[in-house]
Amino acid sequence: MTTPERPTVPPQTTGTDGTGEPGGAGEDGVPVLAEAGTDPRRVRRFWSVRRIPAALVAAVVLGGTGLLLYDVAAVRADRDAMSWRRELADDLAGRPLDDGLTVAAAAVAVLLGVWLLVLASTPGLRAVLPMRRAHPDVRAGLDREAAAVALRDRAMEVSGVQSVKVRMGRSKVAVRAVSHFRPLDDVRADVERVLTDGVEDLGLARPPALTVRVDRPSKKG
């Protein structure tokens, strides 16, 4: 009794093909994905679920549609239409388009539509800063307040710094430090050096620009 021959598999030793695209196999022949690059253009912001606007829109649409369908079904069953629908139809039929109430209602509808379009086309979650991706299947984000606290603690370690306020934005970090001794230029240079390393250590996909301001404590009385 003979056994069928197993097909030979050509050895593969690289994780990417000649064009640099992910794929291929590792040293043990198991297909692997190439490590994700750190190109900030490939890291997108986190999208907000926006449960409250979605719930409000769904409730309004569901309530209005259900009420209208009930009224239409009642008319189809040879019953009188609801009084509010008859009055509304008569009022709209005799009201001119340049009426103030009509213009106001149209403006409100347009604003609500623009608001919904903005919510649908923008990511939201401005408080979460996307971090660099070290693995293609893992996304990480850092809270802006947590990042500000980390940078503030770093700045407080500089000699001569009495207090620090950090305003962390998506593209800019504004730091205001108060120094009660040492020359201000020396303190500013040390704070900038420490915080530059601190921003890099945060691992953000788009490191924000850093601005540092150092002043003396305000005189009391």
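Peptides 138-148, 185-195, 96-106 ordered by packing proxy, namely the average of other Cβ atoms within 10 Å per residue, highest first: 185-195, 138-148, 96-106.
Averaged over its residues, the range 84-221 has an accessible area of 66 Å² per residue, based on protein heavy atoms and a 1.4 Å probe. Here the range 113-221 is treated with +1 on each Lys and Arg Cβ and -1 on each Asp and Glu Cβ, and its dipole about the Cα centre works out to around 460 debye. With a cut-off of 13 Å between beta carbons, the residues surrounding Leu92 carry a summed charge of -1, where Lys and Arg count +1 and Asp and Glu -1. Checking the a/c ratio against 1.5 first, then a/b against b/c, what shape does the Cα gyration tensor give for the range 110-159? It is oblate, given that a/c is not under 1.5 and a/b is not larger than b/c. Using θ = phi - 60° in the Karplus curve 6.51 cos²θ - 1.76 cosθ + 1.60, the 3J(HN,Hα) couplings for the range 190-200 round to 5, 5, 4, 5, 5, 6, 4, 5, x, 5, 5 Hz; x is entered for Gly and Pro. Phi angles across the range 73-88 convert, under the Karplus curve 6.51 cos²θ - 1.76 cosθ + 1.60 with θ = phi - 60°, into 3J(HN,Hα) values of 5, 5, 5, 5, 8, 6, 10, 6, 5, 4, 5, 5, 6, 5, 5, 5 Hz, Gly and Pro given as x.
Taken about its Cα centre, the range 37-166 carries a charge dipole of about 1000 debye when Lys and Arg each add +1 at the Cβ and Asp and Glu each add -1 at the Cβ.
The values are calculated or read from the model by the stated rules, or taken from the named source; none is laboratory data. Everything numeric here is computed off the predicted structure, so don't read it as measured data. Glycine gets a Cβ as well: all are built from the backbone with ideal geometry, and neighbour counts include every protein chain shown. Note: accessible area is taken over every heavy atom of the protein model, side chains too, but ligands, DNA and RNA are not part of it. Shrake-Rupley method; radii C 1.70, N 1.55, O 1.52, S 1.80 Å.
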